[in-house]
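These notes are about the structure you will find just below.
The values are calculated or read from the model by the stated rules, or taken from the named source; none is laboratory data. All of these numbers come straight from a predicted model, not from anything done at the bench. Note that we place each Cβ from the backbone using ideal geometry, even for glycine, and neighbour counts take in every protein chain shown. Areas reflect the complete protein model, heavy atoms only, side chains present, ligands, DNA and RNA absent. Shrake-Rupley method; radii C 1.70, N 1.55, O 1.52, S 1.80 Å.
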Amino acid sequence: MHTLMNRLIPFRRSLLLTAVFLLGVSPAYANDEAQTGVRLLCHDQLAGWEYGAQPPRGWQISDGVLTGEPDAKPLVSGWSWQDAELRFRWKVTPGGQWQMRLLQLSTGKEAARLLLNEGERQTAQASGEERLLRITEPLAADGWHEALLRRRGEQLEVTIDTKTKSGTSHSRATLDMGGERFVLELGLAAGGGSLAGLAASEPAGEPIFNGHDLAGWWTPGNLASWKVEDGQLVCVNHNGNYLRTEREYGNFTLALEYKMARGGNSGIGIRTARNGWPSGDGMELQLYDEPPGRPLNRHSNMAVYGNLEPLARADRSEQWNQVIVRAEGYLISAWVNGVLVQHADTSLLPELRRRHLRGWIGLQDHGARIAFRNLRVVELPPRVGRQPWQTPPRESASQRVLERLMNPERLAIADGLGSGVVTKSVEAPGEHVLAELTGPAAIVEVSRNHQAGQLAFYFDGETAPRMECPAAELHQHVAQVGQDAQPLLTFIPFRKSLKVVLRASQPVEYRFDYVTFPPDVRTEEFDARSRGVARGLLPAMSYRNEQLGWGTHREADPLPRAGLQNQTIDEKDRTTLVELKGAGIVEWTKLAASTSLLEDDELWLEVTVDGEQQPALAAPARFFFPGLQGGNFANYVVLNRGGWTNLLAMPYRSGLTIAVANHGRRPVSPVGVTVSYQPLDDPNDPRLAHRLRGVFRSDGDPPQRDWISQQGRGRWVGLITQCGKPAAGIDALIVDGQARDGWHSPDLRSFLGIEPQSTEERHSLCGRYGGFQWRFLLNAPVDFERSLELRATPGQPLGDRLGLFYLRAE
């Protein structure tokens, strides 16, 4: 197989050629050498071949060898081809038969079918409309047959070489399959079989670097940082920023070679707006020279920087490396030196699907000397999604829950998920059961007042703990969602049951927030490697949390904007600054105003939805942005960048307005509001099932025994309140007339995850700072059918407070 792959992946300095999926080329190759190949099978996973509502069944892959069982579900490639060569080695079990179908990209209809089996040599071609080749080969000496499928124009040519004990036999057949672009389906018509060395090659693209000067390129940085030396494009590191193509590209295949200094860092930017930055607005394929053997992470070579770790590494330090990047719709793939190292359907990833699908291609100056050569691009036809005839994959439990933090619009969907709380006070040393839960469910938050002792997690009735660790190291053994170890946002899934045991050395209090899933939700299995979370979620969560801490978010997202700026609001007056018509979702809201205007309650925001007489949400503006008085911090809800920004989604079916009201005695200026919104054509879109509503209460409003209360059907997602000394606690949470377990918190410690004496703590979903305390329940909102009441401990002032809900839109 090693010899075969060397033949499949020639390396030519004089002409580097694109590897796969290139459209818009002539139906015949200019010459047979004008090709290069890439492998289509990963070392140990089916990346690029997973499709449909259910995961692949009946297949195993090890060391790049794909093996199928008799009832294996067919695999379909995530890549498509026009004119191309596909090479592979195949074998079957006695009586086995491979079935390979070439399917039209546009319709999924069969363009050609190839059946391969062993026996007495023969080749049969079906007549009529059925485009089928049946090839029977004699037994191979080593069990393996070599195959070449060459598609040119409308003709498919199949060649099979078999080494027998008496020599090498050769079969060749042709078939008319039409001229449509195609994808490859792998299946077994009978028995079992194995396949290895699957690789593809296609003609080259057009150069985007002429080898002489920087024509067609620009940078907002120092152009002198980029030189042309011996036909190579070289970054000499003088604040070169990104060197960017003048031309923008949507769907394309990019091929290039790079050579970087040891320990160097760079990147390939794609699909970025002219003045945007790839890692935040488009995408960056990371180029990073680091020692081999390090764990793959969101910063490794060929990671989608910050958001998605690579599948593997195949780069060579201080040598020329061949890179191929393919972008088609939401599918992103990358190969290094012929090896598939990255593949993702970004429509399934909560951050990357918000990025542009068209923009410049760029090369990054990140402080290292790096040279590029043989840069070529082939533009592919416009297409956004996966093959339209394929069923989208079914969302997993981790996707449903963690998506809420990344894109709070998911909280407005009636998704059938529930939530609950378990609390436990341990008074004496020894072994204690902290929680016994029934699945399918997942723990999403762990809070405790100290971290001594040893924790053990028993999954699904197992008699031995599947995970055991010191309590202080829990965040290192489970999914850590964000940057906080206390309170710890996490995702610990279980299908049947979970028992959590503590071997305590001193008194401690624990609180576990969990979510429950309907039976039809695919719940992951917890293990040490994946942590029970779908690929790409944890890096994206860390990226988002980190970026908001820096005051960065989707400023350059492709959605439209609305709002007015630099307005003067007269005393005791209100002005509408945002007016949206039709159906849609406001994704984020930015208030531009002097910081001094957020130090009191004179400036109010009022949000009116669907033409209602009263605002759905009206409160002093500062209640919308808790914690920002101390600057930006790592969280999932608020930030300050050119304005105070709140990321809670606001769905609407027929329209939405945002007004600013001045309750003070003097005019205020300048004031502005900007929203990023997603227009929707269908007012019955499931994302519009609930609308955001706020309940604001002043400290003097009766009754004082309730923090908040709400009638109707919906879910509670947040509480922001002023805090005084002493502060009231939570006596009980009453949902639909029934008290919920675990909610009694007389000093708010278990609710907030913050010690009562602490006045300056800010975390991913909670905090106490600047006279405010807050908690957002994005990961585990509380659903109610008729009513919700959060009762306060008696005898203490509650302070002004704002409760946030998504209420059912009837």
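For segment 435-451, which positions are small (Gly, Ala, Ser) and surrounded by fewer than 19 Cβ atoms within 10 Å (Cβ to Cβ)? Selection gives 439 alone.
For segment 247-344, the strands (runs of 3 or more DSSP E) that sit wholly inside it and include 1 or more residues that are crowded, with 23+ Cβ neighbours inside 10 Å and without any contact (Cβ under 8 Å) to a residue 60 or more places away in the chain are 283-288, 331-336. In a residue-by-residue description of segment 218-232, the property of being open to solvent by 20 Å² or more (accessible area, probe 1.4 Å), in a helix (DSSP H, G or I) and among the aliphatic types (A, V, I, L, M) applies to at least one position. From the residues in segment 345-359 that are farther than 11 Å from residue 536 by Cβ and not in a loop (DSSP other than H, G, I, E, B), which one is modelled with the highest pLDDT? For segment 345-359, the residue satisfying everything is 359.
Residue 590 fulfils the conditions (1) open to solvent by 30 Å² or more (accessible area, probe 1.4 Å); (2) part of a strand (DSSP E or B) except for a single criterion, (1). For residues that are within 28 Å of residue 610 (Cβ to Cβ) and part of a loop (DSSP other than H, G, I, E, B), scanning just segment 556-569, find the one that is most open to solvent (accessible area, probe 1.4 Å). The selected residue is 558.
Of 750, 745, all but one fail to be of a type in the set (Ser, Thr, Tyr), in contact with a Phe, Trp or Tyr (Cβ under 6 Å, 6 or more places away or on another chain) and over 19 Å from residue 633 (Cα atoms); the exception is 745.
Yes or no, residue by residue, for (1) surrounded by fewer than 19 Cβ atoms within 10 Å (Cβ to Cβ); (2) within 11 Å of residue 443 (Cα to Cα):
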| residue | (1), (2) |
| --- | --- |
| 491 | no, yes |
| 496 | yes, no |
| 500 | no, yes |
| 503 | yes, no |
| 510 | no, no |
| 524 | no, no |
| 529 | yes, no |
| 532 | no, no |
| 540 | no, no |
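Residues that are in contact with a Gly (Cβ under 8 Å, 6 or more places away or on another chain) and farther than 23 Å from residue 522 by Cβ within segment 445-482 comprise 447, 470, 471, listed in sequence order.
Restricting attention to segment 345-362, which residues are out of contact with any Lys or Arg (no Cβ under 7 Å at 6 or more places or on another chain) and either surrounded by 24 or more Cβ atoms within 10 Å (Cβ to Cβ) or of a type in the set (S, T, N, Q) (or both)?
The answer is 349, 361.
Does residue 597 satisfy being open to solvent by 10 Å² or more (accessible area, probe 1.4 Å) and touching a helix residue (DSSP H, G or I) at 6+ places or on another chain (Cβ under 8 Å)? Yes, satisfied. When residue 162 is tested against (1) over 30 Å from residue 330 (Cβ atoms); (2) not in a strand (DSSP E or B), exactly one condition is not met: (2).
Residues in segment 783-801 that are touching a Ser or Thr at 6+ places or on another chain (Cβ under 6 Å) and surrounded by fewer than 23 Cβ atoms within 10 Å (Cβ to Cβ) were compared, and the one that is modelled with the highest pLDDT is 789. Criterion applied to 649, 659, 621 was being farther than 30 Å from residue 351 by Cβ, at pLDDT 95 or above and out of contact with any Gly (no Cβ under 6 Å at 6 or more places or on another chain), and the one residue passing it is 659.
So which of 241, 237 is open to solvent by 10 Å² or more (accessible area, probe 1.4 Å) and either within 22 Å of residue 325 (Cα to Cα) or touching a Ser or Thr at 6+ places or on another chain (Cβ under 6 Å) (or both)?
241
Before we move on, is residue 697 buried (at least 21 other Cβ atoms within 10 Å of the Cβ) and among the charged types (D, E, K, R)? In short, yes.
The residues of segment 543-554 that are of a type outside the set (Asp, Glu), within 18 Å of the chain's Cα centre (by Cα) and either under 28 Å from residue 468 (Cα atoms) or part of a helix (DSSP H, G or I) (or both), listed by number, are 543, 544, 545, 547, 548. Any residue at all in segment 104-115 that's under 23 Å from residue 42 (Cα atoms) and part of a loop (DSSP other than H, G, I, E, B)? Yes, segment 104-115 has at least one match.
Condition check ((1) without any contact (Cβ under 8 Å) to a residue 40 or more places away in the chain; (2) surrounded by fewer than 15 Cβ atoms within 10 Å (Cβ to Cβ); (3) in contact with an Asp or Glu (Cβ under 6 Å, 6 or more places away or on another chain); (4) not charged (D, E, K, R)) across all residues:
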| residue | (1), (2), (3), (4) |
| --- | --- |
| 53 | no, yes, no, yes |
| 64 | no, no, no, yes |
| 71 | yes, yes, no, no |
| 85 | no, no, no, no |
| 94 | no, yes, no, yes |
| 109 | yes, yes, no, no |
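When each of 149, 184 is tested for being part of a strand (DSSP E or B), in contact with a Ser or Thr (Cβ under 6 Å, 6 or more places away or on another chain) and within 26 Å of residue 70 (Cβ to Cβ), the lone residue that passes is 184. Would you be able to say whether some residue in segment 600-612 is open to solvent by less than 60 Å² (accessible area, probe 1.4 Å), free of Cβ contacts under 8 Å to residues at least 60 places away in the same chain and in a helix (DSSP H, G or I)? Checking segment 600-612: not a single residue is open to solvent by less than 60 Å² (accessible area, probe 1.4 Å), free of Cβ contacts under 8 Å to residues at least 60 places away in the same chain and in a helix (DSSP H, G or I). Filtering segment 635-657 to residues that are open to solvent by 30 Å² or more (accessible area, probe 1.4 Å), in contact with a helix residue (DSSP H, G or I) (Cβ under 6 Å, 6 or more places away or on another chain) and not in a strand (DSSP E or B) leaves only 653.
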